[in-house]
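Have a look at the structure below, then the notes.
The values are calculated or read from the model by the stated rules, or taken from the named source; none is laboratory data. Everything numeric here is computed off the predicted structure, so don't read it as measured data. Cβ sites come from the backbone with ideal geometry, for glycine too, and all protein chains shown count toward neighbours.
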Amino acid sequence: MSESEVLETHLQELRRGTVVLACLRLLEQPGYGYGLLEQLGERGFATDTNTLYPLLRRLEKQGYLTSEWNTDEARPRKFYRTSAAGSRLAAALIDDFHAIAAAIDALPEEH
Amino acid sequence: MHATPVTLTDRYVDAAMRTVPDDQRADLSAELRASIDDQVEARVEQGEPRPDAERAVLIELGDPDKLAAQYTDRPLWLVGPRYYLTWWRLTKLLWAIVPVCAAFGVALGQTLSGAEFGEIVGSVVSVVLSVIVHIGFWTTLVFFIVERSTHSADIGLVSRWTPDDLPEPRERGTGLSDLVASLVFLAIAAGAILWDHFVGFVYTPETGWMSFLAPSLWPWWIGGLFAVMVLEALLAISVYAKGRWDIGSATVNLFLNLTVAGGTLWLLSQQQLVNPEFFDAVIPSDSAGTVTTVVTTGFAFGVVAIAAWDSIDSFLKAARARR
């Protein structure tokens, strides 16, 4: 594995949980898969379809998202929305994220 | 009316849905199709020809079976990390025990039924190979099923690890208790041989007490056996004194075992080991031939098994002591 691939793997691991957090916050307004994917990309949470769609289904199964089919438009789309439990999860994750950020700031710096 | 041509997307969605459970299929298939259409549309808007865009989107999604597995949280491995250690420990344990027992049983059975030497070796090899393969296959199959049927629920197959599970320090076989055990065993064996000669182990109403070993073994064969037993006692003492087995003492042990086992087998094959009157006295004459074969063969296998185990054990202890 080259150095850039190793770096890529570490960055992915560091970012993994933040996509969940971003989804839960963005879906306070109902959204569908592809639209959410674009929003995430614009806001700096780049992710791919193979990660996002399974993630949405898992969060729905765990009760953090609810879903509804919208058939008003030409193309029927499944709209997801953050549930009350999802909002609480997002709040807990954000608290923890701030705590981690503070802990990282408190680490000894390089010389 | 025109039949709609089957597109790559149709084929992709069909392929992905093959492995999805029925109750999720309609929902998942509609969502996947909408998602592909959205992505194709986005590429077409940027000026890409539709067929190229479709192909590119599908390539990005990758193998449909893998995608479906990700969607439905299905494991893409045979035995996952949760059960791997239990699976591996059980497989190793079975591999250590079962093939040896099977080889011993097959060899004994074949010998009793009067098979040729080559035939015995052939069937032992093929049975051992198939037992190894079967253990690997069936153990893995059971774990494969358990992994997929428990839906990540804890069914108690994997117990929580505690420090009590730590392995005991390995027996080095050089303690005082080992020395005493070897000497006591040798003394009992010598006593039993003497008792057998002077009193006898076998009792029948007609003949009274008689010996199991052939009286013609005295004095030379039995004398030789006593000499080997004295050497074994000396070996046990020297291992105790040195505090460990080494390659030298293990080799001496091997030669002593070979001497005893080889002598016993030779005498058995010459029908000189067991008192000839013994079989006449205890067995009705019509089945005497079969019983003699069974007793002789069983005795021979027992002797070989004990000698082999004792020799291997001493080499294992020597190897452990070197670390």
Inset, instruction - Identify, from the list B:V291, B:V304, B:V252, B:V282, the residue that is over 27 Å from the mean Cα position of the chain (by Cα), modelled with pLDDT of 80 or more and not hydroxyl-bearing (S, T, Y). - result: B:V252
Legend entry - Filter result (at the interface with another protein chain (Cβ under 8 Å from one of its Cβ atoms), in contact (Cβ under 8 Å) with a residue 40 or more places away in the chain and outside any helix (DSSP H, G or I)) within segment A:27-51: A:Y32
Inset, instruction - Hey, can you tell me all the residues within segment B:194-225 that are in a helix (DSSP H, G or I) and within 36 Å of the chain's Cα centre (by Cα)? - result: B:L225
Inset, instruction - List every residue pair whose Cβ atoms lie under 8 Å apart, where the two residues are 6 or more positions apart in sequence or sit on different chains, the first residue falls within segment B:67-78 and is away from every other protein chain (no Cβ under 11 Å), and the second residue, located anywhere, is acidic (D, E) and part of a helix (DSSP H, G or I). - result: B:P75/B:E147
Inset, instruction - Please determine, by comparing only the residues of segment A:52-79 that are within 15 Å of the chain's Cα centre (by Cα) and of a type in the set (S, T, Y), which one is nearest to the other protein chains (Cβ to nearest Cβ). - result: A:Y53
Legend entry - Count - residues of segment A:52-74 that are surrounded by 13 or more Cβ atoms within 10 Å (Cβ to Cβ) and part of a loop (DSSP other than H, G, I, E, B): 1
Inset, instruction - Please indicate, with yes or no, whether at least one residue in segment B:11-25 is free of Cβ contacts under 8 Å to residues at least 60 places away in the same chain, of a type outside the set (F, W, Y), more than 9 Å from chain A (Cβ to nearest Cβ) and under 23 Å from A:G35 (Cβ atoms). - result: yes
Legend entry - Among the residues listed as B:R82, B:R55, the single one being at pLDDT below 85 and not polar (S, T, N, Q): B:R82
Inset, instruction - Could you tell me whether any residue of segment B:45-52 is within 11 Å of another protein chain (Cβ to nearest Cβ) and over 14 Å from B:A15 (Cα atoms)? - result: no
Legend entry - Residue tally, condition more than 21 Å from B:Y83 (Cβ to Cβ) and either modelled with pLDDT under 75 or not β-branched (V, I, T) (or both), over segment B:128-165: 4
Legend entry - The listed residue being under 16 Å from the mean Cα position of the chain (by Cα), in the same structural domain as B:V146 (by TED's automatic domain parsing) and touching a residue at least 40 places away in the same chain (Cβ under 8 Å), out of B:L112, B:L94, B:L108: B:L94
Inset, instruction - From (1) away from chain B (no Cβ under 14 Å); (2) closer than 23 Å to B:I36 by Cα, pick out the condition that doesn't hold for A:G17. - result: (2)
Legend entry - Matching option when the condition is within 11 Å of another protein chain (Cβ to nearest Cβ), touching a residue at least 40 places away in the same chain (Cβ under 8 Å) and in a helix (DSSP H, G or I), among B:L32, B:L28: B:L28
Legend entry - Unique residue being under 18 Å from B:A321 (Cα atoms), in contact (Cβ under 8 Å) with a residue 12 or more places away in the chain and of a type outside the set (S, T, Y) when the list is B:L235, B:L268: B:L235
